[in-house]
Amino acid sequence: MLEADGVVKRYQTGGETLTALKGIDLAIEPGEFLSVMGPSGSGKSTLLNLLGLLDTPTEGVVTLDGTDVTTFSDRERTDARKRTIGFVFQNFYLISTLTAVENVEVPRLLDRDPETRARARDLLQRVGLGDRLDHRPDQLSGGQKQRVAIARALVNEPRVVLADEPTGNLDRATGRTVLEQFREVCGEGVAVVAVTHDNVVTEYTDRDVTLVDGELFEGPFREVDRKMR
Ligand code: ADP
Ligand code: ADP
């Protein structure tokens, strides 16, 4: 559904060229929960930005349902992103002055759709926060904040949720509640891609891949690392 084919990403810094991704092939299927692991600097954020249609590759293509999105204009890419991708971050990035339900509405504010409030409420109910609709972020625990962020990521009915260290700021037990939430999201046919250092994540995923110095390997980091030694 969302695919990287032969994706190369180079960055020019000063006179130097750095190859952050060295020919990545990766196909994400509907409803799949995939983790992307790898050491710092291995290219995880770069890959997430390309899959999230935030950036374009130097070589190779990113396709969405078979359509090459690398030829899209910025406007077309933004539209495709909004229709297809939800984002979840390590630090939640909720707006502190808005309630939970208002935070979930944020991606749709410009649409002025009267259905949005009902949809936001419904999503918060689904992530187990039906009794926290009008709480502000400082009145919520870390796990609750991340579940608000998951509800917000789902408000535009995406095909894929891209999560950057979604459990990075949570304790073990709370992290598990968030991972269980992602499994439910996958059960509804939405793919979840999580960049993570957290081995617990792999207990919940369908598939794990590891980036090492811009190259992609099948398996979680601990296995890939062992094979390389
Ligand atoms: P990048 O954003 O370029 O991927 P890193 O991969 O180094 O940067 O780390 C991403 C975030 O994850 C950083 O905020 C970092 O503090 C945090 N982090 C790094 N290592 C771990 C870890 N073992 N567990 C949880 N979070 C980590
Ligand atoms: P990770 O998320 O695994 O820590 P990144 O994708 O952030 O890795 O970075 C991969 C490599 O690309 C690193 O060497 C990093 O310094 C480099 N890099 C990332 N973004 C940029 C940029 N905007 N300009 C130049 N180099 C970058």
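Descriptive notes on the structure:
- Considering GLN146, GLN139, the condition of being over 20 Å from VAL7 (Cα atoms), within 16 Å of ligand 1 (Cβ to nearest atom) and not aromatic (Phe, Trp, Tyr) is satisfied by GLN146 alone.
- Candidates THR71, THR97, THR63, filtered to the one that is within 30 Å of ASP25 (Cβ to Cβ) and either basic (Lys, Arg) or more than 18 Å from the chain's Cα centre (by Cα) (or both): THR71
- Some residue of the range 42-57 being among the basic types (Lys, Arg), within 15 Å of ligand 1 (Cβ to nearest atom) and under 18 Å from the mean Cα position of the chain (by Cα): yes
- When SER45 is tested against (1) away from ligand 2 (no atom under 16 Å from the Cβ); (2) of a type in the set (S, T, N, Q); (3) closer than 30 Å to ARG136 by Cβ, only condition (1) is not met.
- The set of residues in the range 190-216 being within 23 Å of GLY31 (Cβ to Cβ), assigned to a strand (DSSP E or B) and either modelled with pLDDT under 95 or away from ligand 1 (no atom under 14 Å from the Cβ) (or both) consists of ALA191, VAL192, ARG207, ASP208, VAL209, LEU216.
- Under the condition of being of a type outside the set (Phe, Trp, Tyr), under 19 Å from the mean Cα position of the chain (by Cα) and away from ligand 1 (no atom under 16 Å from the Cβ), the residues counted in the range 6-33 number 9.
- Taking the listed residues VAL224, VAL195, VAL212, the one that is in contact with a Phe, Trp or Tyr (Cβ under 7 Å, 6 or more places away or on another chain) and either of a type in the set (Phe, Trp, Tyr) or closer than 30 Å to ASP5 by Cβ (or both) is VAL224, with no other qualifying.
- Residue in the range 90-99 that is at pLDDT below 95, of a type in the set (Ser, Thr, Tyr) and either under 26 Å from ASP206 (Cβ atoms) or touching an Asp or Glu at 6+ places or on another chain (Cβ under 6 Å) (or both) present: no
- Residue pairs meeting the criteria (Cβ under 9 Å; at least 6 apart or on separate chains; first closer than 16 Å to PRO166 by Cβ and hydroxyl-bearing (Ser, Thr, Tyr), in the range 126-150; second modelled with pLDDT under 95 and assigned to a helix (DSSP H, G or I)): SER141/THR174
- Check on ASP131, among the acidic types (Asp, Glu), assigned to a loop (DSSP other than H, G, I, E, B) and either surrounded by fewer than 14 Cβ atoms within 10 Å (Cβ to Cβ) or within 16 Å of ligand 2 (Cβ to nearest atom) (or both): yes
- GLY168 assigned to a loop (DSSP other than H, G, I, E, B), modelled with pLDDT under 95 and within 25 Å of ASP198 (Cβ to Cβ): yes
- Filter result for VAL178 (at negative phi, modelled with pLDDT under 95 and surrounded by 15 or more Cβ atoms within 10 Å (Cβ to Cβ)): yes
- Residue that is farthest from ligand 2 (Cβ to nearest atom), among those in the range 48-65 that are among the acidic types (Asp, Glu) and over 10 Å from VAL7 (Cα atoms): ASP65
The values are calculated or read from the model by the stated rules, or taken from the named source; none is laboratory data. Predicted model only: the values in this text are computed from it and were never measured. Every residue, glycine among them, receives a Cβ derived from its backbone with ideal geometry; neighbour counts consider all protein chains shown.
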